[in-house]
Amino acid sequence: MKVYVIGGQDLVQGFSLAGACGMVARTAADAERALAEALARPEVGLLLVGQSVAPHLGQRLEQLQEASFPLVLEVPETAQPSEARRTVRSFVRQAIGIEI
């Protein structure tokens, strides 16, 4: 299972240091293109979408979050205020109900 990140440059670069693939998205067109690329890769099991990009994907993102695969999580970015600086671990726990 691979991790794919769509978001701002800091988010994508940060996760790339941990071995994740991703694409920087600044516009709605960038976000749609990145989403299409991520979904075309069968090895992607976890899709992380930055809060700055999520509004560009709208209802499509909501549909994906309800699907069983890949697991799609919206994560905070450094430029965005977060819910008391939640961790990716807490997002996974919320989304699938298990502790990692």
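The values are calculated or read from the model by the stated rules, or taken from the named source; none is laboratory data. Here the structure is a predicted model, which is why all the values come from computation and not from measurement. Reconstructed Cβ throughout: ideal geometry from the backbone, glycine too, with neighbour counts over all protein chains shown.
Scanning region 26-35 for residues being surrounded by fewer than 17 Cβ atoms within 10 Å (Cβ to Cβ) and of a type in the set (A, V, I, L, M) gives a total of 2.
Residues are listed down the side, and each one gets a yes or a no for (1) modelled with pLDDT of 90 or more; (2) aliphatic (A, V, I, L, M); (3) surrounded by fewer than 17 Cβ atoms within 10 Å (Cβ to Cβ):
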| site | (1), (2), (3) |
| --- | --- |
| Leu11 | yes, yes, no |
| Val24 | yes, yes, no |
| Glu43 | yes, no, yes |
| Val72 | no, yes, no |
| Glu83 | no, no, yes |
| Phe91 | no, no, no |
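Scanning region 1-38 for residues that are in contact with a Ser or Thr (Cβ under 9 Å, 6 or more places away or on another chain) and assigned to a helix (DSSP H, G or I) returns Asp10, Leu11, Gly14.
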